[in-house]
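Please treat every number below as a calculation from the coordinates, not as lab data. What you see is a predicted model, and the numbers here were worked out from it, not measured in a lab. Note that each Cβ is placed from the backbone with ideal geometry, even for glycine, and that neighbours are counted across all protein chains shown.
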Amino acid sequence: MMTKEQALKHFKRYDLKRVKQEFEADGVPDWPARREAWNDFTDYLQKSGHITMRQYESWTHPAICQRYRSKKRSRGRSQRR
């Protein structure tokens, strides 16, 4: 079975490259196109037996497909109300 790290490496090398050529010629990231490409890629991996259904259902979009990356909050800081 393929690991998420291996899948991401392949995605960046081939699929993301295609998305950039097709949808980001202006240099502006097309976040929906990136997420759709990731979904299509993982769907293919699952259907072709490269990853399990559990992997398919649990893998989230990688950071390169998300406009806003989550930041961990400091536990000691108080929040504004």
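The conditions of being over 11 Å from TRP59 (Cβ atoms), more than 11 Å from the chain's Cα centre (by Cα) and of a type outside the set (Val, Ile, Thr) are not met by LYS12. Restricting segment 15-30 to residues that are surrounded by 15 or more Cβ atoms within 10 Å (Cβ to Cβ) and hydrophobic (A, V, I, L, M, F, W, C), the residue that is farthest from the chain's Cα centre (by Cα) is PHE23.
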